[in-house]
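Data block below; observations after.
Every number here is computed from the coordinates shown, using simple stated rules; none is lab data. All of these numbers come straight from a predicted model, not from anything done at the bench. Positions of Cβ are backbone-derived with ideal geometry, glycine not excepted, and every protein chain shown enters the neighbour counts.
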Amino acid sequence: MLPGILGTKVGMTHVYSEDGRAIPVTVIEAGPVYVTQVKTTDGKDGYDAVQVGFLPISDKNMTWPKFGHLKKAGVEKNLRHLREFRVEKAGEFQPGQEVKVDIFAEGDRVDVTGTSKGRGFAGGVKRYGFRGQHMTHGYMTHRRPLSSGATGPQRVFKGTRKPGHMGSVQVTQPGLEVVRVDAERNLILISGSVPGANGSLVTINRSRSMGGDN
């Protein structure tokens, strides 16, 4: 069984449990994905992994190298995203094989990886939650960072929290619970929030903290 799947974030909603609780969930359109390459320890790659493709696109958005790669794998669709999953026995998979969202079931724990929303250039208060200075009594430095650190070394240390680019980084939300799986519509409902904007690519893996395969 593939340890994960690719999908696009649809948005958030809520569902009701059997005891009447409202559960906030993120809806993800996951799969189907297609096996585009199988890598084995005995082969030239030296490790076991499965590469999969996701999200059909038109011919005009394809490159010739990717077109040839998919044709070699026996995949008749043009796919936008290619990602790799480590597996224990890659020989169990075949190029062109289709994998759907039904590899997950209600109650499973998953780790979801996505690219967070970009916030542009942000100051220390917004970026790191700095308290800021007083807003009254003649203060002129309400939200400015002020001192940059020690004066002895005559330089700013690496990692100093200062204003700069915020967001648009890879974020993994671990240990989320699968609330519902709709295999017919390729939808999976996951409890809580998931990184990224609506329509962005996300990767769903079996949770490592819960003893998953990946």
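Helix 64-73 and the long axis of the chain differ in direction by around 50°, with both axes built from C-alpha atoms.
Could you compute the longest span of the chain free of GluC sites (Glu not before Pro) located in DSSP loops and having at most 11 other Cβ atoms within 10 Å, not counting the site residues? All intermediate terms of the calculation are to be shown ahead of the outcome.
Values: sites that count: GLU18, GLU76, GLU88, GLU106, GLU184.
Value returned for the longest uninterrupted segment is 107-183.
The charge dipole of the chain, taken about its Cα centre with unit charges on the Cβ of Lys, Arg, Asp and Glu (plus for the first two, minus for the last two), comes to roughly 1700 debye.
At a Förster radius of 35 Å, what calculated FRET efficiency corresponds to the Cβ-Cβ distance of GLU76 and ASP42, to the nearest 0.05? For GLU76 and ASP42, the calculated efficiency is 0.80. In terms of the mean number of neighbouring beta-carbon atoms within 10 Å, the peptides 190-197, 142-149 order highest first as 190-197, 142-149. Each listed q (0.16, 0.18, 0.23, 0.24 Å⁻¹) maps to a log10 I(q)/I(0) for segment 122-166, found by the Debye formula over equal Cα scatterers with no solvent: -0.51, -0.62, -0.87, -0.90. Spatially close Lys pairs in the chain, defined by Cα atoms under 24 Å apart and a spacing of eight or more places or different chains, total 28. Proximity of backbone amide H atoms, modeled 1.01 Å from N, is registered between GLN97 and VAL35 at under 5 Å, excluding neighbours fewer than 5 places apart on the same chain. Relative to the Cα centre, the charge distribution of segment 93-214, modelled as +1 at Lys and Arg Cβ and -1 at Asp and Glu Cβ, gives a dipole magnitude of about 1260 debye. Per-residue ellipticity at 222 nm from helix content only, as computed over the chain with -39500 (n - 2.57) for each DSSP H run of at least four residues, stands at -2000 deg cm²/dmol. Between THR115 and GLU18, the FRET efficiency estimated from the beta carbon spacing at R0 = 25 angstrom works out to 0.10. At q = 0.19 Å⁻¹ the log10 of I(q)/I(0) for segment 143-199 amounts to -0.86, computed by Debye summation with a single uniform scatterer per C-alpha, solvent ignored. Placing unit charges on each Cβ (+1 for Lys and Arg, -1 for Asp and Glu) gives the chain a dipole about its Cα centre, and among VAL87, HIS69, SER116 the Cα reaching farthest toward its positive end belongs to SER116.
Comparing THR160, THR13, THR63 in a Gaussian network model of the chain where C-alpha atoms under 10 Å apart are linked, the largest mean-square fluctuation is found at THR160. Overall size of segment 1-105 from C-alpha positions, given as principal axis extents largest first: 54, 36, 16 Å. When you work out D = kT/(6 pi eta Rh) for segment 45-150 at 10 °C and 1.306 mPa s, using the Kirkwood radius from C-alpha pairs as Rh and the Stokes-Einstein form, the result is 82 µm²/s.
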